[in-house]
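Right, one structure below, let's go through it.
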Amino acid sequence: MLVFESAEQLLAESEARRYLHVIVLNALRDKATRLEIRFTEDGGLLYYRIEDRDWELSPPPDELFPLLKPTVREVSRLVAPERGDMTVHFGVPGAHYEPLEAGWLTYQLGGMWIDLLVRINPREPFGSIQFDLDGVEAREFSEAAGDALAAYAALLAPDMIETFDEPEA
């Protein structure tokens, strides 16, 4: 479970949890229906889907990249189906089958709760983490997420926010 209570509380979270908060809040604010982190040999790619179009965003920071799957596992309720050992007779030598992990992440924003469907493809160094946000009451969450992000930004760079808020002469 991830809970956003205040911008100060968000600053106290670990870097990986704070990153998850920020990408989920951005997806909610922008009314995305899917959020996906795709893993590659060189790092990660971040996408979200709005109105059936995928948008590539800034990639996860290199130092956080290896922490994302364990952090999502920690904050989510996941089920990994039990499978007996199996031998892969084709493909990469030494390859083995790793079942998809699926479940949900409960996100609390103010007095609102949402369950996001989570799927983790555990293949290393590849795989992905996918959050489905279908069925979210978009308007309420969008406004609350925008307010939360604005409060967080104000704590990170108070001088920048004040500059934009000043009326022009």
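Things to note:
- Residue check, THR33 among the hydroxyl-bearing types (Ser, Thr, Tyr), at negative phi, surrounded by fewer than 11 Cβ atoms within 10 Å (Cβ to Cβ) and modelled with pLDDT under 95: no
- Members of region 119-169 that are within 18 Å of the chain's Cα centre (by Cα), among the aromatic types (Phe, Trp, Tyr), in a helix (DSSP H, G or I) and modelled with pLDDT under 90: PHE141
- Top-ranked residue in region 1-51 [being of a type in the set (S, T, N, Q) and part of a loop (DSSP other than H, G, I, E, B); ranked as farthest from ARG77 (Cα to Cα)]: SER6
- Of all residue pairs spaced 6 or more apart or on separate chains, none has beta-carbon atoms under 7 Å together with a first member in region 52-66 that is closer than 15 Å to VAL24 by Cα and a second member that is among the charged types (D, E, K, R) and not in a loop (DSSP other than H, G, I, E, B).
- Among residues of region 36-56, those that are touching a strand residue (DSSP E or B) at 6+ places or on another chain (Cβ under 8 Å) and surrounded by fewer than 16 Cβ atoms within 10 Å (Cβ to Cβ), counted: 3
- Residues in region 107-128 that are in contact (Cβ under 8 Å) with a residue 24 or more places away in the chain, hydrophobic (A, V, I, L, M, F, W, C) and farther than 27 Å from ASP62 by Cα: LEU109, MET112, ILE114.
- Evaluation of ARG17 against the conditions (1) within 19 Å of PHE141 (Cα to Cα); (2) at pLDDT 95 or above; (3) of a type in the set (D, E, K, R) shows that the sole unmet condition is (1).
- Test: GLU74 is modelled with pLDDT under 90 and among the charged types (D, E, K, R): no
The values are calculated or read from the model by the stated rules, or taken from the named source; none is laboratory data. Predicted model only: the values in this text are computed from it and were never measured. Glycine also receives a Cβ, built like all others from the backbone with ideal geometry; neighbour counts cover every protein chain displayed.
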